[in-house]
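Notes follow the structure.
The values are calculated or read from the model by the stated rules, or taken from the named source; none is laboratory data. Note that this is a predicted model, so its numbers are computed, not measured. Every residue, glycine among them, receives a Cβ derived from its backbone with ideal geometry; neighbour counts consider all protein chains shown.
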Amino acid sequence: MPYKKAEQKFSGKINTCEIGAGDAAITIGGENSLPFLGSEGFKTAVGIAITDSPEDWAECFGTIYGDDLNNPAAFAKAAIEKSGADFLLLKLASADPNGANNAVENCVATAVAVEAAVNVPLVIEGCKNAEKDAKLLEEVAKALEGKNVVLFSAVEDNYKTIGAAGGMAYGQKVSAESAVDINLAKQLNILLTQLGVKSKDIVMDVGSAAVGYGFEYVASTMDRIRLAGLGQNDESLQMPIVTDISNDAWGVKEAVFTEAEAPEWGNLEARGIGMEVSTAAACVVGGSNAIIVRHPESVKTIQGLVSGIIG
């Protein structure tokens with residue numbers, strides 16, 4: 001008996017969101033079914049992360065990038081060349097008031113230099129301090145007006161500033177960050193749209209965790225969000241999902257313990273890539289529209305996975 005694919009029909013559809021400008025622009029979202037099950041061809045974009053504070057990154061990245069690791073613009077260019085990533089995430093971690101406390105103007109200059117160095121869309125992350133990020137991402141949005149970057153990410157304590165400056169005043173995209181909870185994700189999306197940010201200019205950062213470290217909560221949250229957006233046609237949950245797993249995957253013991261500390265675990269770099277690929281693959285099949293990883297080989301592997309599934 002010939003195989004006949006059964007396709008479930010949904011009343012809702014995920015918004016499309018364009019990031020980047022000109023020939024470099026890409027579009028994420030737009031599917032009307034669960035991942036890889038519909039006729040429209042779900043596809044996940046794969047980005048690579050860099051930082052302006054790589055001091056705590058694994059030694060293998062020093063080997064990969066050499067002196068470029070300490071020059072964000074050169075780092076960005078090398079990361080794209082070595083990985084072939086669809087987009088780039090710049091982490092402005094040096095802005096952290098509890099760390100280097102780098103001035104906003106210095107971080108903005110870094111973002112401008114990185115944007116000029118690459119020809120892919122940019123996602124710009126702050127330092128995870130809500131007060132500092134509000135000021136920083138507002139200035140980044142202003143400096144990169146017309147570049148259609150994603151401001152990663154707005155939280156409940158700063159969404160008004162980031163939403164007004166990013167999604168409205170300077171025409172950037174806004175990522176809404178919630179902590180692995182469908183209700184929190186929905187609430188922040190509603191707050192942003194009530195503020196005046198258009199739904200098509202919002203993406204969701206619903207949280208992540210490395211596989212084996214509570215990832216089942218991430219998986220169930222993604223499932224519930226997608227089923228609500230598609231099956232219940234809940235417009236407040238129809239934004240594309242962007243998931244940065246680079247910190248989680250490279251922060252667990254399997255990717256941190258040196259070969260001297262755990263010789264039986266084998267090569268440290270291979271372990272980090274393995275954690276990253278496993279986590280990213282799980283997010284892909286869970287419905288994330290864009291995945292962000294750290295290692296160039298992880299980018300290539302996940303791009304191959306997506307291409308292989310969609311044929």
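Only one of the numbered conditions (1) more than 12 Å from residue 43 (Cα to Cα); (2) surrounded by 14 or more Cβ atoms within 10 Å (Cβ to Cβ) is not met by residue 259, and that is (2).
For the range 223-248, what are the residues that are in a loop (DSSP other than H, G, I, E, B) and not acidic (Asp, Glu)? Passing the criteria: 232, 233, 238, 239, 240, 245. Checked against the criterion of being crowded, with 18+ Cβ neighbours inside 10 Å, among the charged types (D, E, K, R), at pLDDT 95 or above and in contact with a Lys or Arg (Cβ under 9 Å, 6 or more places away or on another chain), the candidates 115, 138 yield just one match: 115. For the range 196-218, a residue qualifies if it is in contact (Cβ under 8 Å) with a residue 12 or more places away in the chain and either closer than 19 Å to residue 234 by Cβ or charged (D, E, K, R) (or both), and the qualifying residues are 197, 198, 199, 200, 201, 202, 203, 204, 205, 206, 207. Here residue 156 meets each of (1) of a type outside the set (Gly, Ala, Ser); (2) on the phi < 0 side of the Ramachandran plot; (3) under 17 Å from the mean Cα position of the chain (by Cα) with one exception, condition (3). Filtered by the rule that a residue be under 19 Å from the mean Cα position of the chain (by Cα), closer than 22 Å to residue 12 by Cβ and surrounded by fewer than 18 Cβ atoms within 10 Å (Cβ to Cβ), the range 167-194 gives a lone residue, 181.
Residue-wise test of (1) under 13 Å from residue 124 (Cα atoms); (2) not in a loop (DSSP other than H, G, I, E, B).
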| residue | (1), (2) |
| --- | --- |
| 142 | yes, yes |
| 147 | yes, no |
| 152 | yes, yes |
| 156 | no, no |
| 160 | no, yes |
| 163 | no, yes |
| 166 | yes, yes |
| 171 | no, no |
| 174 | yes, yes |
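Selection of the range 275-311 for residues being among the polar types (S, T, N, Q) and either closer than 11 Å to residue 44 by Cα or surrounded by 23 or more Cβ atoms within 10 Å (Cβ to Cβ) (or both) yields 279, 288, 289, 298, 303, 307. Applying the criterion of being hydrophobic (A, V, I, L, M, F, W, C) and at pLDDT 85 or above to the residues of the range 36-50, the residue that is farthest from the chain's Cα centre (by Cα) is 50.
Out of the residues in the range 230-254 meeting the condition of being surrounded by fewer than 22 Cβ atoms within 10 Å (Cβ to Cβ) and among the small types (Gly, Ala, Ser), tell me which one is nearest to the chain's Cα centre (by Cα). Only one residue tops the list, namely 251. Only one of the listed residues (211, 203, 197) is in contact with a helix residue (DSSP H, G or I) (Cβ under 7 Å, 6 or more places away or on another chain), over 23 Å from residue 275 (Cβ atoms) and either surrounded by fewer than 23 Cβ atoms within 10 Å (Cβ to Cβ) or of a type in the set (Val, Ile, Thr) (or both). That residue is 197.
In the range 279-300, what residues are in a helix (DSSP H, G or I) and either of a type in the set (D, E, K, R) or over 16 Å from the mean Cα position of the chain (by Cα) (or both)? Across the range 279-300, the qualifying residues are 297, 300.
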